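Novice: Sharing a structure, written as structure tokens. Questions coming.
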Amino acid sequence: MTSLVFFLQVLLNGIATGAIYALIAVGYSVTFTTMRVLNFGLGMWVMLGGMMAYTLCAVWQVPVVVALVAVLAALGGIGVIAERLTVRPFVRVGSEAWVMSTLAIGLLFINAAELVWGRNSLRVPGFVGQEVVRFGPFGLYPQQILIIGCTIAIFFALEHFYYRTLTGRAFRAVAHSPEVASLMGINAGRVFTQSYALACAMGGVAGLLVAPITLADPQMGTVLGLKAFVIPIMQL
């Protein structure tokens, strides 16, 4: 019985960890399905979300909802600029140099983060408390429960977005065929930008959620992004 309890406890912890990887992996998938482009620097966008969480929640002590909106807006906006400058010029001419450009922007983010926040790991307080929540013999930290709940909510929101909104349907049309979608009056270039910004914003949210568990530092996104990258690769 003890072995079973231990196994189930590890399984619960794995679900919480896997939820973060799934959130990052969806970011990879969003850009690949619409643009046929993988943002190889997505882990660094995760890092930016974590570092912003430190500044907003630990230093400025703003409410987590405000921090979430700020991360979404900031990284989504930066994502728009990054797509226009580092991805679209290469996609337009059929070059695959976007592989290096997405990596380059990620390395730029790491260097910038080290200049702004330093190289040491920074503690981000848990958003919903520190005490372990018990479910009989099992236990999870409140932050882990928040991660699972937020990931499920985001997945349902994405499902609604893709199948119940005009913009989401445009995403699906461009994913099927950008040329045909353009003939139907859909601005494929705008969809490319929106999908890239959405992926960057989702990476930032993942960083914000995981920072209280892993600590925030300029290298935190490297391993997270690399492990999450396995998921879309298995899908191909």
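Derivation of every value follows stated rules applied to the coordinates shown; laboratory data play no part. None of these values were measured; they are calculated from a predicted model. All Cβ positions, glycine included, derive from the backbone under ideal geometry; neighbour counts span all protein chains shown.
Novice: Obtain the nm distance between the two label points defined at residue 104 and residue 116 by a simple spin-label model: each point lies 7 Å from its Cα along the Cα-to-C-beta direction.
Specialist: 2.1
Novice: Rounded to the nearest 0.05, what FRET efficiency do residue 2 and residue 213 have when you use their Cβ-Cβ distance and R0 = 22 Å?
Specialist: Efficiency for this residue pair is about 0.30.
Novice: Taking θ = phi - 60°, what integer Hz values does the Karplus form 6.51 cos²θ - 1.76 cosθ + 1.60 yield along the stretch 18-28, in sequence order, with x for Gly and Pro?
Specialist: Couplings: x, 4, 5, 4, 5, 5, 5, 4, 5, x, 4 Hz.
Novice: On to the next question. Step through the residues of the stretch 208-222 one at a time and calculate ³J(HN,Hα) from phi using the Karplus curve (6.51 cos²θ - 1.76 cosθ + 1.60, θ = phi - 60°), rounding each to whole Hz and writing x for Gly and Pro.
Specialist: Working through the residues one at a time gives 4, 6, 8, 4, x, 9, 8, 6, 9, 8, x, 9, 5, x, 4 Hz.
Novice: Which whole-number percent gives the relative contact order of the stretch 40-158, counting Cα pairs below 8 Å spaced six or more residues apart?
Specialist: Rounded, it is 29 percent for the stretch 40-158.
Novice: Another question, then. Given Cβ point charges of +1 (Lys, Arg) and -1 (Asp, Glu) and nothing else, what value in debye, to the nearest 20, does the dipole of the stretch 54-198 about its Cα centre take?
Specialist: The calculation lands at about 160 debye.
Novice: Per DSSP helix of 4 or more residues, -39500 (n - 2.57); summed, then divided by the residues of the chain. What does that give at 222 nm, rounded to the nearest 500?
Specialist: Values: 10 runs with 173 residues, N = 236.
Taken over the chain, the calculation gives -24500 deg cm²/dmol.
Novice: Next question. Among 165, 222, 17, determine the one that fluctuates most according to a GNM of the chain built with springs between C-alpha atoms less than 10 Å apart.
Specialist: Answer for the Gaussian network model of the chain: 165.
Novice: How much length is gained if the chain between residue 176 and residue 15 is pulled fully straight, taking 0.36 nm per residue apart and subtracting their Cα-Cα distance, in nm to one decimal?
Specialist: 54.8 nm
Novice: Kindly rank 127-140, 192-205, 99-112 from highest to lowest mean number of other beta carbons found within 10 Å of each residue.
Specialist: Sorting 127-140, 192-205, 99-112 by mean packing, highest first, produces 192-205, 99-112, 127-140.
Novice: Say the dipole of the chain comes from +1 at the beta carbon of Lys and Arg and -1 at that of Asp and Glu; which of 233, 34, 205 then lies farthest toward its positive end?
Specialist: The residue sitting most towards the positive pole is 34.
Novice: Percent relative contact order of the stretch 16-230, based on C-alpha pairs within less than 8 angstrom and at least six residues apart? If you can, show how the numbers build up before the last one.
Specialist: Numbers: 313 pairs, mean separation 100.2, N = 215.
The normalised contact order for the stretch 16-230 reaches 47 percent.
Novice: Can you compute the modelled spin-label distance between residue 184 and residue 134, with each label point 7 Å from Cα toward Cβ, in nm?
Specialist: Label at residue 184, label at residue 134, 5.6 nm between them.
Novice: Could you tell me what a quarter of the Cα convex hull surface of the chain works out to, in nm² with one decimal place?
Specialist: Taking the Cα atoms of the chain, their convex hull projects to 14.1 nm² on average.
Novice: Just to be sure I understand: with springs between alpha-carbon atoms less than 10 Å apart, which residue in 85, 224, 72 has the highest mean-square fluctuation in the Gaussian network model of the chain?
Specialist: Among 85, 224, 72, the largest mean-square fluctuation in the Gaussian network model of the chain belongs to 85.
Novice: Over the chain, with a Gaussian network built from C-alpha contacts below 10 Å, which listed residue (94, 207, 149) shows the highest mean-square fluctuation?
Specialist: So, out of 94, 207, 149, the one fluctuating most is 94.
Novice: Calculate one ³J(HN,Hα) per residue across the stretch 55-69 by plugging θ = phi - 60° into the Karplus curve 6.51 cos²θ - 1.76 cosθ + 1.60, and present them in order as whole Hz with x for glycine and proline.
Specialist: Karplus-based 3J(HN,Hα) across the stretch 55-69 equals 5, 6, 8, 8, 8, 8, 6, 7, x, 4, 5, 5, 4, 4, 4 Hz.
Novice: What ranking, highest mean first, results for peptides 18-24, 208-214, 116-122, 63-69 when packing means the other Cβ atoms within 10 Å averaged over each residue?
Specialist: 208-214, 18-24, 63-69, 116-122
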